[in-house]
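Notes follow once the structure below has been shown.
Readers should treat all values here as calculations from the given coordinates under stated rules, not as data from a laboratory. What you see is a predicted model; the values in this text were computed from it and never measured. A quick note on method: Cβ atoms are made from the backbone with ideal geometry, for glycine too, and the neighbour counts reach across all protein chains shown.
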């Protein structure tokens, strides 16, 4: 079900994610979907949660707590960049951008909680042991995630997909400097 809605959003855009198209793509009746999820917003929330859970799992699995601060930052940014450009993350971004148009804030609040809670915990787990101030970690986290999201969106705007190699290398160095770990 989640994969069908993810594919629908990526292939046709969020505007196509109507109850009729969702049930058609999933191969089940809307009644069955409503019984399991409740309403369309709940379906979109499930897609967003699934996409973000995949990102979180891949980050946790790829990070080595024995690595240096620089190795951790490299892995964290590289894996976040990689995951932001897979289908589940593309659908997640479409849903995030669309959430501002919803009548109630449940989806928007849950998305914010997913992003803030999970990314904050990952960054804290990785860099707190280096005696880095929590505010510095939070600022570096926000700036890094915003830059990567912006590059991900920009990469989908034209026919040519930019690689952003130089920008990502610069972002890694900047984040380490913000944490006071550039020489670590």
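Pairing the Cα long axis of helix 2-12 with the longest principal axis of the chain, what angle in degrees results, from 0 to 90 and rounded to the nearest 10? The helix 2-12 is inclined about 90 degrees to the chain.
Solvent-free Debye calculation, one equal scatterer per alpha-carbon of the range 1-83: log10 I(q)/I(0) at 0.18, 0.23 Å⁻¹ equals -0.74, -0.98. Considering only alpha-carbon pairs that sit under 8 angstrom and 6 or more positions apart, the relative contact order computed for the range 15-150 is 24 percent.
Rg/Rh for the range 1-44 stands at 0.91; both radii use Cα atoms, and Rh follows the Kirkwood definition.
Extension gain, residue 57 to residue 86, is 9.0 nm, computed as 0.36 nm per intervening residue step minus the present C-alpha separation.
The fewest-to-most ranking of 29, 144 by surrounding Cβ atoms within 10 Å reads 29, 144. Relative to the longest principal axis of the Cα atoms of the chain, the long axis of helix 40-62 lies at roughly 30 degrees. Shape annotation for the range 126-184: C-alpha extents along the principal axes are 44, 19, 14 Å, from largest to smallest.
The length gained by stretching the chain between residue 163 and residue 128 to full extension, at 0.36 nm per residue less their Cα-Cα distance, is 9.5 nm. Helical runs (DSSP H, four residues minimum) scored at -39500 (n - 2.57) apiece and divided by the length of the chain put the mean residue ellipticity at 222 nm at -24500 deg cm²/dmol. Distance between the modelled labels on residue 120 and residue 66, one decimal in nanometres: 3.2 nm (7 Å Cα→Cβ projection). Comparing mean-square fluctuations of 44, 84, 114 from a GNM of the chain with C-alpha springs under 10 Å, the top value falls on 114. In this rough spin-label picture, where each label sits 7 Å from Cα along the Cβ direction, the residue 112-residue 97 distance is 2.0 nm. Between the alpha-carbon centres of the range 39-83 and the range 143-177 there is a gap of 16 Å.
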